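Working notes, beginning with the structure itself.
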Amino acid sequence: MSQITAIVLAAGKGTRMKSSKAKVLHSLAGKPMVEHVLDAVKKAGIEQQIVVVGHQAEEVKAHLGDGYTYVLQEKQLGTGHAVKQTTNAWPSHGRTLLILCGDTPLVTAETLEKLVSYHHHHEAVCTVLTAVVPDPTGYGRIIRNQQGHVTAIVEEKDATDAQKEIKEINTGCYCFDQNRLAEALEQLSPANAQGEYYLTDVISFFQQQGHVVAGVEVRDFRELQGINNRSQLAQAEAILRERINEALMLSGVTIVSPHNTYIDAGVQVGRDTVIMPNTHLRGNTKIGENCEIGPDTTIINSSVGSGTVINNSVIKESNIGNNCTIGPFSYLRPGTRLADNVKIGDFVEVKKSVIGKGSKIPHLTYIGDAEIEEQVNVGAGTITCNYDGKNKWKTVLKKGAFIGSNTNLVAPVTVGDNAVVGAGSTITKDVPADSLAVARERQRNILGWATKNKKET
Ligand code: UD1
Ligand code: CA
């Protein structure tokens, strides 16, 4: 597809979203809608991509990054005007332009490939991707002649009552012969109900010139649903999530309740992993094989090895090894790295810490800025006191250390190899290897005190 340049229109404000954020930056399944469109274009093998930006141009560009040619449409005077701004960016020897809207995120690479091959095969000056929809409200209607060629596209606001009955609509996705489109764009005028330069008007111009415009219908109309408001955004997101879950299930992942499982585009999950209800796998997340994830678990931008069980927990920007068990009710915050066979139990919070192979933190603990080596046991209620109000300090627990319950580890502090800390200690000094540290008030028993106390009151 080297001779093809894609143009994605993404300059509009999206008034109907009622938002301070540009429409194309609203996300579905973890990605802004325009990025889904660009991903489909890339997947179809089209490398040259021009993005027309306007409303919140800087935000859109910052989000999408380098790798695209951006063209600024300063005033959003319509889709035809938007395309016209791009002419200088067209390749001099280019032949075909694929034009798409940034607000149809469900479009697939297969559909784009079909459109392009239909266009080339029929040698039309333009091929419109159309859809037959149950409710065409808001879309441009496709007018065909007896040969089945497209002779015009009429926008809803300009349509007669009879034209409004037409159920075949313009999806906003087309192929054009580059040279013919350049000529046609010169002819556009804003003499219509919305006072805009409509790209769709080039079709009737081609018709007048005696050029053939083909129309090819998309198999599933839902794929080209345009998003203009938040209700449509939610509908499209549901479809996208269904697609993502379906693909994962067919690749060998068990999803117990697909309707209650929320997996972002691009998340990877290995075979024989079971995903329980109300699990959210977000962003750049990768889960290995044979894991059990959920119920009620959120994992964001993290990787999880194979054979790991995570229940009722929240994990952000962390790396988890193989055969770990996490939860219920654990919170792993950014910068946490667990080696294999680590156990993080109930009500444990871990932040920016590395935990070695086979170590256990089974209950009610806060570990922050710590380096915990292999085979360490951290008793219930242990807290790293890592913050003095100004700086964060490090706690190091060496290999085989055993921390008794309800210990405060006042950082910076190191507990040596195989050392033991007595329960209830507040450790402020390093503990040498192989020793016992006890740092608490010694217990006194006053005999008979309780009986005496009772008689007096
Ligand atoms: C457009 C089509 C309509 C089609 C529908 C499909 C026209 C005139 N109408 O209508 O036939 O059925 O899409 O979803 O083309 N944009 C710009 N600059 C502008 C105006 C729009 O970049 O000046 C971008 C928007 O960001 C958006 C896309 O073009 O991504 C479509 O614009 P929108 O206003 O949503 O067009 P529709 O009214 O939906
Ligand atoms: Ca639209």
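Read-outs: derived from the displayed coordinates by stated rules, not from any lab. Small disclaimer: the values here were computed from a predicted structure and weren't measured. We place every Cβ from the backbone using ideal geometry, glycine too, and count neighbours over all the protein chains shown.
Would you mind computing, in nm to one decimal, how far apart the modelled labels at residue 110 and residue 161 are, each placed 7 Å from Cα along Cα→Cβ?
4.2 nm
Treating the angle as unsigned and between 0 and 90°, give the value, to the nearest 10°, between the Cα long axis of helix 230-250 and the longest Cα principal axis of the chain.
70 degrees
Of the listed peptides 60-69, 21-30, what is their order by residue-averaged count of other C-beta atoms within 10 Å, with the highest listed first?
Per-residue Cβ counts within 10 Å, averaged per peptide and sorted highest first, yield 21-30, 60-69.
Which ³J(HN,Hα) values, rounded to whole Hz and listed in residue order, are derived for region 176-190 from phi using the Karplus coefficients 6.51, -1.76 and 1.60 in 6.51 cos²θ - 1.76 cosθ + 1.60 with θ = phi - 60°, glycine and proline given as x?
Running phi through 6.51 cos²θ - 1.76 cosθ + 1.60 with θ = phi - 60° gives 10, 6, 4, 5, 5, 5, 4, 4, 5, 4, 5, 8, 5, 9, x Hz.
For the chain, what is the percent of antiparallel DSSP beta bridges, rounded to the nearest 5?
DSSP beta bridges in the chain are roughly 20 percent antiparallel.
Could you go through region 286-291 in sequence order and give the Karplus-derived ³J(HN,Hα) for each residue, using 6.51 cos²θ - 1.76 cosθ + 1.60 with θ = phi - 60°, rounded to whole Hz, and x for Gly and Pro?
Couplings: 9, 10, x, 8, 6, 8 Hz.
How many angstrom separate the Cα center of region 200-227 from the Cα center of region 88-126?
Spelled out, the Cα-based centre of one part sits 12 Å from the other.
Quick one: Karplus J couplings for region 323-330, per residue in order, coefficients 6.51, -1.76, 1.60, θ = phi - 60°, nearest Hz, x for Gly and Pro?
In residue order, the calculated couplings are 6, 8, 10, 10, x, x, 6, 9 Hz.
Using all Cα-Cα distances in the chain, what percent lands in each 10 angstrom bin from 0 up to the longest?
Once binned at 10 Å, the Cα pair distances of the chain give 4, 18, 21, 16, 13, 11, 8, 5, 2, 1, 0, 0.
Pop the C-beta distance of residue 451 and residue 426 into the FRET formula with R0 = 41 Å and round what comes out to the nearest 0.05.
FRET efficiency, residue 451 to residue 426: 0.80.
How high is the relative contact order of the chain, given as a whole-number percent (alpha carbon pairs under 8 Å, six or more residues apart)?
8 percent
Assign unit charges at the C-beta atoms only (+1 for Lys and Arg, -1 for Asp and Glu), then state the dipole size of region 4-224 relative to its Cα centre in Debye, rounded to the nearest 20.
The calculation lands at about 320 debye.
Given R₀ = 25 Å, what would the calculated FRET efficiency be for residue 21 paired with residue 42, taking r from the Cβ atoms and rounding to 0.05?
Step by step, r from the Cβ atoms, then E = 0.55.
Before anything else, pin down the relative contact order of region 370-457: Cα pairs under 8 Å, at least 6 apart, normalised by residue count, whole percent.
With pairs under 8 Å counted, the relative contact order is 22 percent.
Could you tally the net charge around residue 312, taking each other residue with its Cβ under 13 Å from the Cβ of residue 312, Lys/Arg +1 and Asp/Glu -1?
-3
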